[in-house]
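To start, the structure under review is shown below, and the notes come after it.
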Amino acid sequence: MKLFLAKEEGKKSEAKETRMDFEKSSISIKDDTEMADDDTAQNPESSRKLSSDSDSSDSEDEAEQTQQLRALESDLSTNPSNYDAHVLYIKLLRRRGEIEKLREARENMNVLFPLTPAMWVEWAKDEASLLNDSDSESVEKLYERGISEYLSIPLWREYLNYVLQHDPKVCDSSVDGVSKARNLFERAVTAAALHVAQGSQIWDAYTQFEQSILLTIDQSDIQAKEKQVQRIRSIFHRQLSIPFANMKSTLLSYKAWEVEQGNSLDSESDNVVGISSHVASSYRKAEEMYNARAHLEEHITRQGISESERYQHFMSYLDFEKSFGDPARVQSLYERAITDFPVSSDLWLDYTRYLDKTLKAGKVVKDVYSRATRKCPWVGELWVRYLLCLEHGLASEKEISAAFEKSVQCTFSTLEEYLDLFLTRVDGLRRRLSSARGDDVLNYSLIRESFQQATDYLSPHLKNTDGLLRLHAYWACLELKLNNNLTAARGVWGSLLKTCGSMLEAWQGYIAMEIALGHINEARAIYKRCYSKRFSGTGSEDICHAWLRFEREFGTLDDLDHAVQKVMPRLEELQLFRLEQESKSLTEVTDKRERPLKKTASEKRKSGSIAIDEQSPAKRQKSTQNQKKLHEKENTRGLKLAEANGGEEKKGKVEEQVNEQLVKDTYSSKTRLYTDQCTAFASNLNIRAIDEDLKQFFSDVGGVTAIRILHDKFTGKSRGLAYVDFKDEEHLAAALAKNKQMLLGKKLSITRSNPKRGKRESGALTTSEHDSNQSGIEGSSASKESAEISKGSSVAPQVPHSRKHFESIQLKGKNTFAVPRNVKPLGWTTSKPGTKKEEDEKPKSNDEFRKMFMKS
């Protein structure tokens, strides 16, 4: 014992120096001050100046530190979760030597965060420097708190050294003192035995302690001495069976010790010759295990690599250990990783999942979860699994409730984490209340309080969400099953509907509960309350149909009739509303599409007017005269038609219509001339189809150069007709082969547009038709052309443009209808030689018809 203490004398003197420095409030480095003192001694004349400068500098530093302390105190009062502020605050207090505030600051930080091993060592040494050896128990408690949070070999060594140096019983080598030290060493080797890189340090300290005990035994007490020798040999054998980084050094130490005990061994050789066979076998196995892990140990202990690289090396090392299936080694490696990455939530989650899978429950798992939730309190999943771990371990309601109260005070990233936490708490209460196990006296009020707490917290944030619906549905279910309180269950649904009245699922859940209980009238009353409400999507229609289905399955014929009377007007109203919305949206889409087209047309007109302005005066005059002649010709033809139908008083209106039609014909002519021989005409097109739909439809054909969908002039809606231009005949033929194929739910009719033959198989107006109309060609040729179109296509042919224009004129007054050219209606007279031509005859008026019938 004395030998061991002698080896530790240097550390003891260091502790004394630390105590003196701390008492003098000079813990911080004073190199600059000492250098200034030396300079002052060498230059006495400047000592006064240096002294004044030093005092001024000290006062400035103190004022700055005081201001910084106040700022940190203010920051921590408003944001106690600021880890960096805690660390800086403790450093400043320690530098200033404010003991009481320093102790309080450390305690406050440890409530929220685990301290690092270095911080625990620093705290314990500061407290030890202020206490006598007789008061070592308070310092030992600090070390115990530190080792419970991290697997730290340096922290364990500091703890062991402090007990060996400051515990009076251990120093006196009393029976109780030796027993206390041995128990502490056994705890240390259990915790650090599998630490490949540093674990041998604890074992070496253990053997040194036992060797020091051997030196204190009287030489005459052979039995006690032999017993101690066997104890030391056993510790060596245990150490040699574990893979460590310096196994050969341990083997040499063991052989040297055996030589001291009088055994003949080659203490200079690192082979196992001369030692017992079972020890040699264990050593070889441990050496093989270390050689397999040496490269992994090198990766995680290498200096100069990034934190992310070190983390990945730890993960690879863990996968390697898991493949061997040794939980103790895996857990030891997890503890080493956590020491390097104490606030890695992913690491803690992985660690706890492994423990849940292998150990299920127990003190070890509970301690790990306790540390995990303190180091990563923002991870809701850790708190949820911590509550489950406590329930597995049959923890008391007091312990579980305390953990739950801590969890709800934390800040999580999502509201779903809070919801999961509350539901987990309720799950545990329900299970324990149903099984009635344990000494705790539970009643349903705890469940109701938990639900109410969850509702108060989550309702403002989870309005109209499935999460809030799930919470209330679970609550209402437990009110019925565990509490047998239907009124309370209905009250739960009622409170949900006040918050989420526009959520269809909430009403459906309430109705489902009443139907399951057989309360048909109550369910019907709920339907009457909600069928007229507006829900998102098709929810309004769905609830109406659900009511009708409910009455068919559960109601009488009168109930069904009553529901139909209520629901059908509502359904018609909803249908009308949806049609209006669709029309409005379609109009908006159409407007968006036509805006660029109108802009292009405006630019073209502008460019055309510029071109006209650039013409010579003679050309402009000639063009103007041609336009006037064409305009006069159209006006004359329209006026003659008005006179032939007895509409002399309507000449002005007809003239306006002719002018408007002239503009239409001109625009239509330009549009038709754009169509060439490689153009397909598509009819029976869905009015919702757009250019992109047709382009996609002909994507397998290819060669599309232009697409023009025809729209109504006044409504802007699609007429179901379109022209599609192709770059050659081959692509056009392939497009015609797609005739009668489905597009947006309708069979598309595709035909060739051929303006050269003066007709179009689709029935749309061609260029030749337009030209013939402009030149006044009418009669039999147009009729024959229409007949040919009718034969060649299933689509009704359109009337030539000029005839369509004149037939659109409403003839009023004594005329009752416009008469086709080749049909002889009642009231026409037969032409006689010498009379006017047949086409100049006028139809009988209504008065003439009336007189004719009265005469007969």
Original post:
Placing +1 at every Lys and Arg Cβ and -1 at every Asp and Glu Cβ, with all other atoms neutral, what dipole size does the stretch 60-113 have around its Cα centre, in debye to the nearest 20?
Top reply: 240 debye
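Could you sort the peptides 730-739, 332-341, 568-577 by per-residue average Cβ neighbour count (10 Å cutoff), highest mean leading?
Numbers: 730-739: 16.2, 332-341: 20.5, 568-577: 12.5.
Those peptides, ordered most packed to least, come out 332-341, 730-739, 568-577.
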**OP:** Take the Cβ-Cβ distance between E309 and N132 as r, set R0 to 35 Å, and report the resulting FRET efficiency rounded to the nearest 0.05.
**Re:** 0.15
Original post:
Fully extended, how many nm does the chain gain between K727 and E268 (0.36 nm per residue separation, minus their Cα-Cα distance)?
Top reply: 155.7 nm
Original post:
Can you run phi through the Karplus equation (6.51, -1.76, 1.60; θ = phi - 60°) for the stretch 288-302 and list ³J(HN,Hα) in whole Hz, with x for Gly and Pro?
Top reply: 5, 5, 5, 4, 6, 10, 4, 5, 5, 5, 5, 5, 7, 9, 5
Original post:
Too long at a 31 Å Cα-Cα cut-off: which of K360/K406; K481/K566; K169/K398?
Top reply: K481/K566; K169/K398
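Residue separation times 0.36 nm, minus the C-alpha to C-alpha distance between T538 and F714: what's the value? Intermediate results must be reported in sequence, preceding the final value.
On the way: separation 176, 0.36 × 176 = 63.36 nm, distance 3.16 nm.
60.2 nm is the gain from fully extending T538 to F714.
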Original post:
With each label point set 7 Å from Cα along the Cα-Cβ vector, what nm distance links V343 and F320?
Top reply: 3.0 nm
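Show me the three semi-axes of the equivalent ellipsoid for the stretch 679-752, from the C-alpha gyration tensor (sqrt of 5 times each eigenvalue), largest first, rounded to whole Å. All intermediate terms of the calculation are to be shown ahead of the outcome.
Working: eigenvalues 80, 33, 21 Å².
One finds semi-axes of 20, 13, 10 Å for the stretch 679-752.
Can you flag which of K125/K225; K255/K363; K227/K322; K125/K375 are past 29 Å Cα-Cα? Kindly include the intermediate steps, with their values, before the conclusion.
Details: K125/K225 36 Å; K255/K363 40 Å; K227/K322 39 Å; K125/K375 24 Å.
The pairs that break the limit, which is 29 Å between Cα atoms, are K125/K225; K255/K363; K227/K322.
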Subject >> Solvent-accessible surface (1.4 angstrom probe) belonging to D559, in square angstrom, nearest 10 >> reply: 40 Å²
Subject >> Under 5 Å, built H, 5+ apart or other chain: amide partners of R719 >> reply: L710, H711, D712
Subject >> With every protein chain in place, the stretch 203-250: carbon and sulfur % of accessible area (1.4 Å) >> reply: 49 percent
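Rounded to the nearest 0.05, what FRET efficiency do S699 and E848 have when you use their Cβ-Cβ distance and R0 = 60 Å? Don't skip to the end; give the middle numbers.
Working: r = 64 Å, r/R0 = 1.07.
Given R0 = 60 Å and the Cβ-Cβ separation, E is 0.40.
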Subject >> Computed Rg/Rh of the stretch 383-491, alpha carbon atoms with Kirkwood Rh >> reply: 0.96
Subject >> Protection proxy ranking of 529-536, 202-209 - average other beta-carbon atoms within 10 Å, highest first >> reply: 202-209, 529-536
Original post:
When the Cα centres of the stretch 187-205 and the stretch 65-131 are compared, how far apart do they sit, in Å?
Top reply: 31 Å
Subject >> Calculated from backbone phi, Karplus (6.51, -1.76, 1.60) coupling profile of the stretch 210-219 in Hz, x at Gly/Pro >> reply: 5, 5, 5, 5, 4, 5, 8, 7, 5, 4
Subject >> Surface accessible to a 1.4 Å probe, per residue, for the residues of the stretch 302-411, Å² >> reply: 47 Å²
Original post:
According to a simple spin-label model (label point 7 Å from Cα along Cα-to-Cβ), what is the distance in nm between L586 and E226?
Top reply: 10.9 nm
Subject >> Per-residue SASA entry for Y510, accessible area with 1.4 Å probe, Å² rounded to 10 >> reply: 30 Å²
Original post:
Simple spin-label model, 7 Å along Cα-to-Cβ: S502 to K180 in nm?
Top reply: 7.1 nm
Original post:
Excluding ligands and nucleic acids, what accessible area in Å² is computed for T715 using a 1.4 Å probe, to the nearest 10?
Top reply: 80 Å²
Original post:
Given a Förster radius of 22 Å and the C-beta distance between F577 and N464 as r, what FRET efficiency does 1/(1 + (r/R0)^6) yield to the nearest 0.05?
Top reply: 0.55
**OP:** Quick one: grab the alpha carbon gyration tensor of the stretch 60-113, order the square roots of its eigenvalues as a ≥ b ≥ c, and give me rounded if a/c is under 1.5, else prolate or oblate depending on whether a/b is larger than b/c.
**Re:** oblate
Original post:
Once phi is turned into ³J(HN,Hα) by the Karplus curve 6.51 cos²θ - 1.76 cosθ + 1.60 with θ = phi - 60°, what whole-Hz value does each residue of the stretch 504-512 show in order, with x for glycine and proline?
Top reply: 4, 4, 5, 5, 5, x, 5, 5, 4
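The values are calculated or read from the model by the stated rules, or taken from the named source; none is laboratory data. Bear in mind the structure is a predicted one, so any value in this text is a computation, not a measurement. All Cβ positions, glycine included, derive from the backbone under ideal geometry; neighbour counts span all protein chains shown. All accessible areas refer to the heavy atoms of the entire protein, side chains included, with ligands and DNA or RNA removed. Shrake-Rupley method; radii C 1.70, N 1.55, O 1.52, S 1.80 Å.
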